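Take a look at the structure set out below.
The values are calculated or read from the model by the stated rules, or taken from the named source; none is laboratory data. Please read these numbers as outputs of a predicted model, since none were measured by experiment. Methodologically, a virtual Cβ is constructed for each residue, glycine included, from the backbone with ideal geometry; neighbour enumeration extends over all protein chains shown. These area figures cover heavy atoms from the full protein model, side chains too; ligands, DNA and RNA do not enter into them. Shrake-Rupley method; radii C 1.70, N 1.55, O 1.52, S 1.80 Å.
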Amino acid sequence: MSNLESNPTERRCAAGPGEPGHVEVLEPREVPLGGLRGMPVRRTLPQRGRSLIGAWCFLDHYGPDSVADTGGMNVRAHPHTGLQTVSWLFSGTIEHRDSAGNHALVKPGELNLMTAGSGISHSERSTADTTVLHGAQLWVALPERARGIEKRFDHYAPPTVTGEGFTAKVFLGSLLGEVSPVATHTPLVGAELTLAPGASLTLSVDPAHEHGVLVDHGSTTLAAGESLPTELAREELGFAAAGCPTIELAAGPDGARLLVIGGAPLDEELVMWWNFIGGSHEEVAAARDAWQATIADAESGASSQGSRYGLPDGEPEPPLPAPALPTARLLPRSQLPPLPEATPTTPTTPGASPAAQRSHPSASAPTTPTEEDPLVEQPSSIRVAHEPGERRYAIYLDDALAGFADYRVTPGGGRAFVHTEIAPEFGGRGLAGTLVAEAIADTHGAGLRIVPYCPFVSAWLKKHPQYEESVDWPNT
């Protein structure tokens, strides 16, 4: 699957700290696949406080969606480097084509794993007979020693493991005595578990691994080692740090369907931007240039054979061009300016449910702001601009893009704010509040309705009731 955001944020991903026996709850942010009017997906990795679980670096969860309503999945040929893509469906069928000559159908309960290595391109489209599309797409970061390997594609239909109150399909690694034959380049585990209502299950896991549990259906509690059970609702991802030999799951009254992922912490820093993973900004920039050259060759009629990526055969549409690179080079963490010391706080969202008030990293993206960010010295120039072509408000510091607030245009012509993001190198300056204040004031001044899907925008509006007359609160 491609990351189709028109303004992807370049991120430096590394294994983050975790407390053994403590469960973090990561909530998703909604991302329209294929543009603001595209099929919605719920992204739980990467996040600001948790960019990796083992080598798993990206997780999109979608559906069940009526294809008649969303248009289904239609992702033109696009590139990948330095990673593996994992497709796992619960319902529907996706047609896969790639530049290694593979043409396959992704079906429920069957693993399709594509290894990009130094470069591959592929397309994904839901089939004409698919009425409901429901599944997950994940990426696995390749370690430096494997980023230059040859492209390949693996398919595996795991058997169903059954036990008291549960069924399981282990598609990567080993769990519950079942071992997947699919080779990986770092120690990994991946499985689908289904628990009957009220059923409980204790998993023996490698204590050297960290793990994640995504709730697709129903609810569950998750306990790692000796920790107290933590509730996980549908669409939430629970994270358990390395150091625990067991994971305990207990389903709620409606049962639960879960994805369990995990692996050894990846002891490398990676740069991830759009659909590329590399060891540096320069590697990612070179990957983008090579893809744009592939597109230029295709437009001129030249063969793509022998190029870094190549193109799938039989494509009905031209390939996706890469977005423009960020205006500023990403700085390694060691080079980021330090923030002043501040007393830690646990931000809450007004009116949120008790489950949403738990202390865990924000789920609206790796750079999702909190309004309580401590202020530091501001640069000489701060500018907020409405960029209707991009459907966003952007904030600039000395002409460098520091963040943005994305919106959709509603059927009535209003603005539905879906995501607010401040780049990591500009965090801690209170810019999110400035950005949202300008965006809301401009929208209100234009006489347009405001729909706050973004948690930060929603929280900001609840603290500024003077705009209430212009707000249409989502029914969530």
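Considering every residue within the stretch 214-235, establish whether at least one is surrounded by fewer than 16 Cβ atoms within 10 Å (Cβ to Cβ), at positive phi and over 20 Å from the mean Cα position of the chain (by Cα). For the stretch 214-235, residues surrounded by fewer than 16 Cβ atoms within 10 Å (Cβ to Cβ), at positive phi and over 20 Å from the mean Cα position of the chain (by Cα): absent. In this structure, Leu133 qualifies as touching a residue at least 12 places away in the same chain (Cβ under 8 Å) and either charged (D, E, K, R) or open to solvent by less than 30 Å² (accessible area, probe 1.4 Å) (or both). Given the condition out of contact with any helix residue (DSSP H, G or I) (no Cβ under 7 Å at 6 or more places or on another chain), in the same structural domain as Arg152 (by the TED database) and aromatic (Phe, Trp, Tyr), answer yes or no: does some residue in the stretch 287-294 qualify? No; the residues of the stretch 287-294 include none that is out of contact with any helix residue (DSSP H, G or I) (no Cβ under 7 Å at 6 or more places or on another chain), in the same structural domain as Arg152 (by the TED database) and aromatic (Phe, Trp, Tyr).
Any residue at all in the stretch 407-429 that's open to solvent by less than 40 Å² (accessible area, probe 1.4 Å), touching a His at 6+ places or on another chain (Cβ under 8 Å) and either free of Cβ contacts under 8 Å to residues at least 12 places away in the same chain or not hydroxyl-bearing (Ser, Thr, Tyr) (or both)? So far as the stretch 407-429 goes, no, none of its residues is open to solvent by less than 40 Å² (accessible area, probe 1.4 Å), touching a His at 6+ places or on another chain (Cβ under 8 Å) and either free of Cβ contacts under 8 Å to residues at least 12 places away in the same chain or not hydroxyl-bearing (Ser, Thr, Tyr) (or both).
The lone criterion from (1) within 30 Å of Ala241 (Cβ to Cβ); (2) at pLDDT 95 or above; (3) open to solvent by less than 10 Å² (accessible area, probe 1.4 Å) left unmet by Ile94 is number (1). Here Ile440 meets each of (1) of a type in the set (A, V, I, L, M, F, W, C); (2) surrounded by 20 or more Cβ atoms within 10 Å (Cβ to Cβ); (3) closer than 23 Å to Glu30 by Cβ; (4) in contact (Cβ under 8 Å) with a residue 40 or more places away in the chain with one exception, condition (4).
When Ala355, Ala342, Ala365 are checked against the criterion of being modelled with pLDDT under 50, among the aliphatic types (A, V, I, L, M), open to solvent by 20 Å² or more (accessible area, probe 1.4 Å) and in contact with a strand residue (DSSP E or B) (Cβ under 7 Å, 6 or more places away or on another chain), Ala355 stands alone in meeting it. Out of curiosity, is Trp88 assigned to a strand (DSSP E or B) and either in contact with a His (Cβ under 9 Å, 6 or more places away or on another chain) or open to solvent by 30 Å² or more (accessible area, probe 1.4 Å) (or both)? Against the criterion (assigned to a strand (DSSP E or B) and either in contact with a His (Cβ under 9 Å, 6 or more places away or on another chain) or open to solvent by 30 Å² or more (accessible area, probe 1.4 Å) (or both)), Trp88 does not qualify. Looking for something more than 22 Å from Arg48 (Cβ to Cβ), part of a strand (DSSP E or B) and in contact with a Leu (Cβ under 9 Å, 6 or more places away or on another chain) - is there at least one such residue anywhere in the stretch 438-452? Looking through the stretch 438-452, at least one residue is more than 22 Å from Arg48 (Cβ to Cβ), part of a strand (DSSP E or B) and in contact with a Leu (Cβ under 9 Å, 6 or more places away or on another chain). For the stretch 242-273, taking the residues that are open to solvent by 10 Å² or more (accessible area, probe 1.4 Å) and among the small types (Gly, Ala, Ser), the one that is nearest to Leu201 (Cα to Cα) is identified as Ala250.
Comparison of Ala68, Ala116 shows that the only residue that is out of contact with any helix residue (DSSP H, G or I) (no Cβ under 9 Å at 6 or more places or on another chain) and in contact (Cβ under 8 Å) with a residue 40 or more places away in the chain is Ala68.
Here His217 meets the list (1) at pLDDT below 95; (2) assigned to a strand (DSSP E or B) almost entirely, failing just condition (1).
Could you please find all residues in the stretch 453-476 being free of Cβ contacts under 8 Å to residues at least 12 places away in the same chain, in a helix (DSSP H, G or I) and farther than 25 Å from Arg383 by Cβ? If the condition is that a residue be free of Cβ contacts under 8 Å to residues at least 12 places away in the same chain, in a helix (DSSP H, G or I) and farther than 25 Å from Arg383 by Cβ, then Pro465, Glu468, Glu469 are the ones that fit.
Give the stretch 190-199 a look and list any residue that's open to solvent by 10 Å² or more (accessible area, probe 1.4 Å) and within 24 Å of Gln84 (Cα to Cα), or say none.
The one that is open to solvent by 10 Å² or more (accessible area, probe 1.4 Å) and within 24 Å of Gln84 (Cα to Cα): Glu192.
Taken together, Val75, Val31, Val23 contain a single residue that is modelled with pLDDT of 75 or more and more than 30 Å from Thr230 (Cα to Cα), which is Val75. Taking the listed residues Thr202, Thr162, Thr167, Thr184, the one that is polar (S, T, N, Q), open to solvent by 30 Å² or more (accessible area, probe 1.4 Å) and at pLDDT below 95 is Thr184, with no other qualifying.
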